[in-house]
Every structure is written in structure tokens, then in C-alpha cells.
Amino acid sequence: MKNFILFLCLLAPSAAYCQQQATEQWRPYFHFSPAQNWTNDPNGLVYHEGEWHIFYQHNPFENKWGHMSWGHAVSKDLVNWEHLPVAIPEDSAWIFSGGVVVDKNNTSGFGANSMIAIYTADYHGKKENQQLAYSTDKGRTWTKYKNNPIIAKPLPNGKEMKDFRDPNMFWHEPSKQWIMVVALPTEFKVHIYGSKNLINWTFLSEFGKQGDFTKIWECPSLIELPVEGSQTSKWVLFISSSNPNPDFVGMQYFVGNFDGKTFTNDNPADTKLFVDYGKDFYAAIPFSNAPKKTILGWMASWQYTDALPTFPWKGQMSIPREISLKKTQAGLRLIQRPAEEVLKAKNWKGIVQMEEMGIEEDNSMMWRNQTSSYMIDVEFELGGAREVGVKVMKNLTTNQETLVGYQKDSEQLYINRINSGKIISPNFASMDASPLKLERGTVRLLIFVDQSSIEVFGNDGEAVVTSLIFPENNSANWQLFSRDGRVKVTKLKVWEWQKD
Ligand code: FRU
């Protein structure tokens, strides 16, 4: 890695760049991060001929937002990523977020099985329109369409709309057409378009001003999801917008119907449904053309991205999540589970497997792994205890630790990163919690710790919290805990990630 940094120094944009220390202690093992420089949103997620593709918002030159282009990586297993050259570089416009589809039947005329990217060209804040690029060699090289833009919104004053971005497309079999959703961020709206050839698009309908509109709407996607335990399915519209904490950005979703033209929300307009209750999950979109309904998001928050302390890269993606819907007393709710590929990755080495043990307060044994990238699957029977959980990244020298737990009284699953390490901005230290009702007094936490991030899935994907952490000294120690009572741990399994 040292040689790599030296090499970067030769190409460095400034002397200050070289003086920075590499922060490989925060480089994730099983989450995607660019080899160097900035990333934000995942773009054009697509599965094609045995490869999962991540394109991503990328600055190829600096470790901060700017020169927006599409970076590119591929994977056969969703955990080990091969970095490829920049796929779509900036031109007179920045290449903002968008989607990729595989045009199996050559509806566009660019070639059977060509990959079609539609992205927002942002003219440095002055106007935004939708443009197309295609690849006929499995995404290795891209050609920008000569008659771009393919969709623009002219205004009465002769200019073009400034905030009109983040197209996402899919093939809608019942109406035999491509559908695109695209955001009008400052109007809190999504526009839906249809097309037979991915080039000529017709405006079909608009949806908006429902749910949460305390923050601008970005990165929409529309997907049909199965309802677990039934033969039915429903449509889900994802929007990146506000967080359950209105001072931050986050993601919301709407459940309803799509008839090939219009999306209708099943819930009252003021129902707010959030995807993730942490502060670090944004801009997630589904993989198109994929064998499973899978989303992946950017793990960071616009509220403190400038302060991210990593070098020579900034930004990382969540683990891919398989999604579905489940009937609950409150109505249909999103279920998110770690993609099976992640759970089955050959890099996991099982290190603990126990059943039926009791723990009380903080007296339980402290465990020490070899690495700070691990997965803990633990199930507690709460009994009389008011709180249970796991302290992860527990460092005995600095006394830093992050708590991942469940509070019975407030019925909440949480990550508490107040004492997790470096506080990168005044609003970073926080406890972030998701509602989670227990059915039989047991709570299952599936926790992923990966050097500088934690994702916890509560009770088989009913609630998810995602948080970045920057421990001053990484630690492989962890410990179960309970408060105000003895609890039974019915199952405990731990694996650590071993690098290839
Ligand atoms: C969301 C976003 C998108 C835009 C991109 C620019 O995080 O603001 O709306 O396309 O990032 O990098």
C-alpha cells in the first residue's frame, strides 16, 4: 500500500495530498470503496452476464466531491470488487446519478444485450437534463449518444430546468415499455416517463408532495416487490430525501400500485416510511436485470461528508440488501436482509458458536477477534432486562466502544456511536434508533462491523440502522451486555472476515 501511495504522490494534484496519512485502518474489507478518491451515490447498478456492476459518483482527480464522473467496478460475488477505469467521464457537464439497463432485444438499436446508461448531465448547477451512453462490451467502454440530451425540460424563459435529475429505468412487461422515474428535487416530485426504445420518452405522470418533504427529493427508483407469505406483489417507490431525524438526509419509501402509467400510494399522503434509521444510508437504488431484488446505498451523510477522515479515498457503499415486503399490523413494510452472497462469502471464518447462555450487566466475557471486520448473529430472550446488545470495537486503551442494542421500554433498535472514536463533526456523535416491536420477547441482531461502519439488521430484516464510525485505534474486542436484569442468549454465532 505504501508504494501505491507513493505512486499517487507522483500524480498528486498538490503537495498537501502527499503529506496526508493513509487511513487503511478504516478501509472496509467486505464493503465496496474506491481504490482512491471520492465517491457518493451508487449509479447504474446492474447484473449482466454473471457480473454485478457498480458504477458510482466519482471524482477521478481528488479526494473530494467534484469533476463528477462514473467510476466502475465489477464483482462475481457481490463482495470482492475489481476496479475498472472510469466508465463515463465528465465533459462540458458533470455526469450525475442515473441508471443502467440491459437492452436484451435491441429496442434502442445500439445492439442486442447492449448496456444503456441514462444519467443526468449537470451543467455546473445551471441546468440539468437526461443523457444516454451505451456499451456493447459488457460495460468496459462507453459511447455517449450523439443526439443527447434525450430528455430536457425547457422553461418559458428559454432556459432549462435546474433541478431535474437521477433517472432510473426498468422494463415494464405488462405495458411493454421502458419506464423511467426522475426527480424534480426542489418540487418534491417524481416524473414518470415511458419509452419503446430508451431514446424517445413520453411523459406519463407525476407523483409527489407526499410522505416526507422536509428535504429535497433525489435518486428515485420504482420496483415491484413480493409480499412474503403470499402470491402477491406491490410496487415500492424509493426516494432519497429526509432522515427520521429531520436535520439529516435519509431514504423513504412508498408502497402502492403501478399500472404502466401512474404510481398510486396505498397509504394516506402523510404516512412517512423510512428505509434505514441510521444517518449513513443514502441514494440506494436496485440492481436492474438481477436474479434477486437487491439494493445498495452510499454509506455517508451529506451533513458531514467534507469531514470524512479517510485517505486516499472517501466514501463507501453499504452491503447489498435483498428486499421484500411483509404484512404487519401497521400495513405492508419493507424487509431488508443482507444479500445471501455476503452471508455465504468464503472469507468468513466462524469463530464462536454457542447456545443457551446467561448474561448479566457488563459482566459477560470479552471476546477478541483477529480483525475488526466481523459478523455477529445473536438472539436474546429479554426476560426482565430493559436493554440488551453488543459492545463492538471496544478498545481497552482508549475506552472507546460502539453500542448496538435493543431497548425494551422504547421498543427501539439502536446504534450508539457517541463514544465510538473520532467525532468528525459536531453533529456526528449520536444514538440512532429504529422502532422495532418484539413478538415473543426475543430480539435477533445481525451485526456487520467492517473497520469504519456498522450495519445492524433487527429481527430478520424488519429494522435496519447503518452508522459510520472512526475508532481512534481499531479494536477487535466485543462483548455482550444487558441492563437491569439477567437475559438468556439463545444463539450466538460470530465470524470474522479473512482477506484473500
Ligand atoms: C445525491 C446527489 C444526486 C446527484 C449526485 C451528484 O446524493 O445529490 O441528486 O445526481 O448526488 O453527485
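Just the number, please: carbon plus sulfur as a percent of the accessible area of the chain, 1.4 Å probe, no ligands or DNA/RNA counted. Result for the chain: 50 percent of the exposed heavy-atom area is carbon or sulfur.
Calculate log10 I(q)/I(0) of the range 183-228 for q = 0.17, 0.19 Å⁻¹, where I(q) comes from the Debye formula with a single equal point scatterer on each Cα and nothing for solvent. Cα-only, vacuum Debye calculation for the range 183-228: -0.62, -0.72.
Here's how it looks for Gln177: its modeled amide H is under 5 Å from those of His172, which are all 5 or more places away or on a different chain.
Relative to the current alpha-carbon distance between Glu439 and Asn197, full extension at 0.36 nm per residue lengthens the span by 82.3 nm.
Extension gain for the segment Lys327 to Asn427, taken as residue separation times 0.36 nm less the Cα-Cα distance, is 32.5 nm to one decimal.
The Cα atoms of the range 347-497 cover 38, 33, 28 Å along the three principal axes, with the biggest extent listed first.
Report the extension gain between Ile351 and Asp247 in nm, rounded to one decimal, defined as 0.36 nm multiplied by the number of residues separating them, less their alpha carbon distance.
Numbers: separation 104, 0.36 × 104 = 37.44 nm, distance 3.99 nm.
Length gained, Ile351 through Asp247: 33.5 nm.
I want to verify the translational diffusion coefficient of the range 10-166 in µm²/s; compute it with Stokes-Einstein, Rh as the Kirkwood radius over Cα pairs, at 25 °C and 0.890 mPa s.
Answer, rounded: 146 µm²/s.
The tail of the calculated P(r) for the range 379-449 beyond 19 Å holds 38 percent of all Cα-Cα pairs. Taking the Cα centre of the chain as reference, the dipole from Cβ charges on Lys and Arg (+1) and Asp and Glu (-1) amounts to some 580 debye.
Relative to the globular-protein estimate of 2.2 N^0.38 Å, the Cα radius of gyration of the range 24-340 stands at 0.93. Once the 1.4 Å probe is applied to the protein heavy atoms, the chain comes out at 39 Å² accessible per residue. Using +1 at the C-beta of Lys and Arg and -1 at the C-beta of Asp and Glu, which of Leu382, Trp348, Val392 has the Cα lying farthest in the positive direction of the dipole of the range 337-396? Value computed over the given set: Trp348. With the helix formula -39500 (n - 2.57) applied to DSSP H stretches of n ≥ 4, the chain reaches a computed 222 nm mean residue ellipticity of -1000 deg cm²/dmol.
The values are calculated or read from the model by the stated rules, or taken from the named source; none is laboratory data. Fair warning: this is a prediction, and the values are worked out from it, not measured in the lab. As a convention, Cβ positions derive from the backbone with ideal geometry for all residues, glycine included, and neighbour counts pool all protein chains shown. Please note that ligands, DNA and RNA were not included when accessible areas were found on the heavy atoms of the full protein model with its side chains. Shrake-Rupley method; radii C 1.70, N 1.55, O 1.52, S 1.80 Å.
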